[in-house]
1. How about the range 38-79: which of its residues are small (Gly, Ala, Ser) and free of Cβ contacts under 8 Å to residues at least 24 places away in the same chain?
2. Looking for something under 16 Å from SER180 (Cα atoms), loosely packed, with under 14 Cβ neighbours inside 10 Å and assigned by TED's automatic domain parsing to the domain that holds ILE186 - is there at least one such residue anywhere in the range 214-231?
3. So for the range 40-48 (the condition being more than 15 Å from LEU168 (Cα to Cα) and in contact with a Lys or Arg (Cβ under 7 Å, 6 or more places away or on another chain)), does at least one residue qualify?
4. Touching a residue at least 12 places away in the same chain (Cβ under 8 Å) and under 24 Å from ALA35 (Cα atoms) - does that describe any residue in the range 128-140?
5. Quickly run through the range 123-157 and pick out the residues that are part of a loop (DSSP other than H, G, I, E, B) and within 16 Å of GLU192 (Cα to Cα).
6. Confirm whether GLU192 is closer than 23 Å to ALA151 by Cα and not assigned by TED's automatic domain parsing to the domain that holds PHE136.
7. Would it be correct to say that ALA133 is touching a helix residue (DSSP H, G or I) at 6+ places or on another chain (Cβ under 6 Å) and closer than 25 Å to ARG157 by Cα?
8. Of the numbered conditions (1) outside any loop (DSSP other than H, G, I, E, B); (2) of a type outside the set (A, V, I, L, M, F, W, C); (3) over 30 Å from LYS105 (Cα atoms), TYR67 fails exactly one; give the number of that condition.
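The values are calculated or read from the model by the stated rules, or taken from the named source; none is laboratory data. Computed from a prediction, not measured in an experiment: that's the story for all the values here. Note that we place each Cβ from the backbone using ideal geometry, even for glycine, and neighbour counts take in every protein chain shown.
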Amino acid sequence: IEKRDGDLLQVQILMPRKDLEEATLHERRGDSFFARKIYEEAIVEYGKAVALDRYNASVLNRLGLVYHQSQKLAEAERYYREALKQNPYFIEVLNNLGTVEYVRKNYDRALEQYERALKIRPESPTILLNMGACLFDMKRYDEAFKATQRAIEIDPRVLDRTSGFGTLIQTSRRNDPTVSFYFAKIYAARGEKELAISYLNRALDEGFREYDKIKSEPAFVALAQEEGFIKIMERITSEATSR
């Protein structure tokens with residue numbers, strides 16, 4: 001039975017009560033093993049649940065995630081695509097497929113999946129953040145900045161979150177001076193001065209040398225009287241002089 005709820009498709013399968021209860025039991029066992037990162041046992045339990053209820057897109061997605069966490073991308077993709085067959089509007093699956101392609105460095109394909117997901121739910125911070133990560137790697141910095149900024153506007157704690165049933169690319173933890181500079185801009189614009197200064201220092205530590213961009217960035221005007229920013233400007237002057 002298919003039931004539409006807004007932009008989501010719910011598929012309700014009529015099956016014997018005994019089979020449903022058994023499938024649910026295996027699903028819960030799989031969740032328990034997954035939460036404890038006992039992936040081999042999680043695969044076994046989710047597999048048993050799927051054998052009883054092959055239309056359960058949520059369990060198929062979780063089975064894909066277990067393989068994903070185990071770095072078995074081909075198997076992960078297989079189950080994500082099976083989940084998508086059961087529910088074409090399942091945005092977590094679209095997100096996870098995008099992340100598989102991202103890990104493979106197929107950035108155009110990853111972006112395609114994120115864009116499909118955002119058409120269903122335009123204000124998803126996780127997907128916006130992953131799209132931003134993808135755009136950063138494509139060197140499309142201004143677009144990446146906008147997507148990341150919007151994600152943080154929607155959910156200021158999105159960078160601290162991890163989802164049990166969806167993948168989140170940890171853009172803010174990579175060692176990329178340009179990405180760190182853009183994160184400094186985002187937090188400065190939000191008035192989070194300590195974080196902005198922290199990311200600016202990190203950008204310099206990682207090798208960011210476009211000093212004029214730091215000096216001319218409007219978002220950093222609000223930092224001008226902060227001790228940490230004053231030290232950054234002194235550091236820039238010192239490094240520029242010694243070059």
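1. Within the range 38-79, GLY47, ALA51, ALA74 meet the criteria.
2. Checked against the condition, which is being under 16 Å from SER180 (Cα atoms), loosely packed, with under 14 Cβ neighbours inside 10 Å and assigned by TED's automatic domain parsing to the domain that holds ILE186, the range 214-231 yields at least one hit.
3. Yes: the range 40-48 contains one or more residues that are more than 15 Å from LEU168 (Cα to Cα) and in contact with a Lys or Arg (Cβ under 7 Å, 6 or more places away or on another chain).
4. Yes, the conditions are met somewhere in the range 128-140.
5. ASP155, PRO156, ARG157
6. yes
7. Criteria met by ALA133.
8. (3)
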